[in-house]
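Each reported figure results from applying straightforward, stated rules to the coordinates on display, with no laboratory input. Just so we're clear, the structure is a prediction, and the values are computed from it rather than from any experiment. Cβ placement follows ideal geometry from the backbone for every residue including glycine, while neighbour counts extend to all protein chains displayed.
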C-alpha cells in the first residue's frame, strides 16, 4: 500500500539544537584524527590571509614610500611563501574532508538502509519506496554539505576571520569598531531568514519524496500506464509536483542568499565609516598609508569569509531539515522485535496452531477469531474469496505483523516468544510474485550463502528445473537477470525462487498461488519442482483454484477473517456449505457441480496411480502423512 498524495504520516520534526552533537557522536567522532589534521591545514590556510594583510604595511611604508630596495626582495619572498603555503594547505584539507564526507555518507546510508529494512509492514505502508529512496539519496547528499562546506566554513573561514580581525585591531581598535557599525543590520533579519529557509527546505524535501514516489509508481507500472493511455495524465501530475518543487527551491535559495546579502550591506557601511574616520587621520599625519592599507586589506579579506559564514548559516538550515528527517528514521524503533529472553526454536516435526486470532488494520477487521491447526508433515490448504484473510495468515506466521489478540504457536511455543530471525529461518515462501534482484542467476539463488558447494548448487538447480534454461543463457549462471528478474519469463523466475527455497531446506513451506499466473507448460515444470520441494515438509497452501487442493490433507475455508469449514475435499463437498458454493462458482460452466463431485469422489480414488493424477495431485500425495 502506498501513500500517493502526501508525505508519510509522522510527527513534524522541531528544530533540534543538538543536531551537530548527534552527528558528531554517531558519525564524525570516529574520524577524529583526520579531522584534527584537516583543522591544522585549515588553520594554516586561514591564517595566511592575515599574514598577507600584515605584509601590506612594510610593502607600502618600506618599499613604496621609503624606497628601500633591499626590502623589496624579502617582502616579495614572504608574500610568495604565503601563497604557496595557502595553496598546499587548501589542497590537503579538501582531500581530507572529502574522504571524511564520503566515508560518513556511506556509513549513514548503510545504517539507514539497515534500519529501514528491519521496520515492520505498518511502517512501510505509511512510508512509500519513493519517500525512503529520497531520504537515502537526496537527504544524505544534503548532509554532505555539512562536511564539505559547513565544517570548512567553521574551520578555515572562522580562523581567517579571527586572524584578520586581530590584524585590524592591532592597527587601530577604533577603526575596527567603526567598521562593525553595520552589525545590528544582521541580527534580527538573520534569525527570521534562518527560520524561513528551514521551513522551505523541509517543504522541498517532502516534495522531492513525492516526486520520487511518483516516478517509482510510473516505472514499475509502465505497462498499466501504456494500456490505459495514462502518459498525459502522469506527465501532468509530475509537472505539477515539479513546478511546486521549483517554486519552493527558489524561495529557499532566495532566503539562503539573503544572509550574505545582508553581510554585504554591513560591509559597505563599515567601509564607508572607516574611510571617513580613518581618512582624516591619514591626512592629518596621525596614521601611515601602510597602516591604512594593512587595515583595509585585513578588513577586505575579513568580509569574504564573513560572507561565506553567512552563507553557511543558510546552508545549515537546508542541511538541518534533511538531518532531522534522517534522525527521525534512524531513531524509529521497529515495533516487531525479538523478546528479551527468547525461547528455544522447536526442532523436528511441529504443529502450527492459530487460536482465536484477531487482527485489524485501523477499522478494517482482517482476522476475526481465526482458529485452525496445520499438522506436522501434512499439507493444509487455505481457501476463500479475496479479502478472506488468507495472505494475512502467512504474515502472522512469519511475524510480519502481530495480531491484537489470540495465539499463534509452533510446536506449542508462541511465535512472539521466539527470536524473530530464527523464526523466519523456519519458513520458505514461494509466491506468484517471484522476487528477484538485478544480479546474476547464481547470486539470486545463493543470496549471499558462501558455504554452498558447486555440487549442492547444481543439485537444487536440477531439482528446480533451473538447469533446463541456464545452459541457454549467454553467461550461464553468471548472467544478470535484470531489474526484478525482467530478463526471465514468469516460469523461469518461479523456478529460481524454488531453487532458493530448496537450498534453504526449512521445515515449513508456505505456497501462495505459486503457479496461478503461469502457462500450462511452465506450470508442469514448476509443479514438479514444488513436488520435490514439499517432500518431508509441513506445507501451507493459499489457493484460489480449488482444483489444485483436492488432495490436501486438510482444507481450511475462510470467510471475512473466520474459519467457517475444515476437512478434506470430499468431506467439504458433502457438507454442501461454503466450500461447495466456491466449488460451484468455479466449475458451474466447465465441470461437475459440488453435489455431482461429492458423489463421484471416494476414498480409493485418493490413492489412484500417480499417472492418472495431475501435478498438484502428485504434489500432495507424495507428502508424508503423520
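Taking neighbour Cβ counts within 10 Å as the exposure measure, how do 42, 59 sort from fewest upward?
Listed from fewest to most nearby Cβ atoms, that is 59, 42.
Could you tell me which of rounded, prolate or oblate describes the range 321-369, using a ≥ b ≥ c as the square roots of the eigenvalues of the alpha-carbon gyration tensor, with rounded for a/c under 1.5 and, failing that, prolate when a/b is larger than b/c and oblate otherwise? Oblate is the answer for the range 321-369, as a/c is 1.5 or above yet b/c matches or exceeds a/b.
With neighbour counts taken as other beta-carbon atoms within 10 Å, the residues 559, 114 rank, fewest first, as 114, 559. For residue 120 and residue 419, a Förster radius of 22 Å and the Cβ-Cβ distance give a FRET efficiency of 0.90, rounded to the nearest 0.05. Shown is the FRET efficiency for residue 106 and residue 333, computed with R0 = 35 Å from the Cβ-Cβ distance and rounded to the nearest 0.05: 0.90.
Work out how much length residue 432 to residue 459 would gain on full extension: take 0.36 nm times their residue separation and subtract the Cα-Cα distance, in nm to one decimal.
Taking residue 432 through residue 459 to full extension adds about 7.4 nm, to one decimal.
The ranking of 229, 484 by Cβ neighbour count inside 10 Å, starting from the fewest, reads 229, 484.
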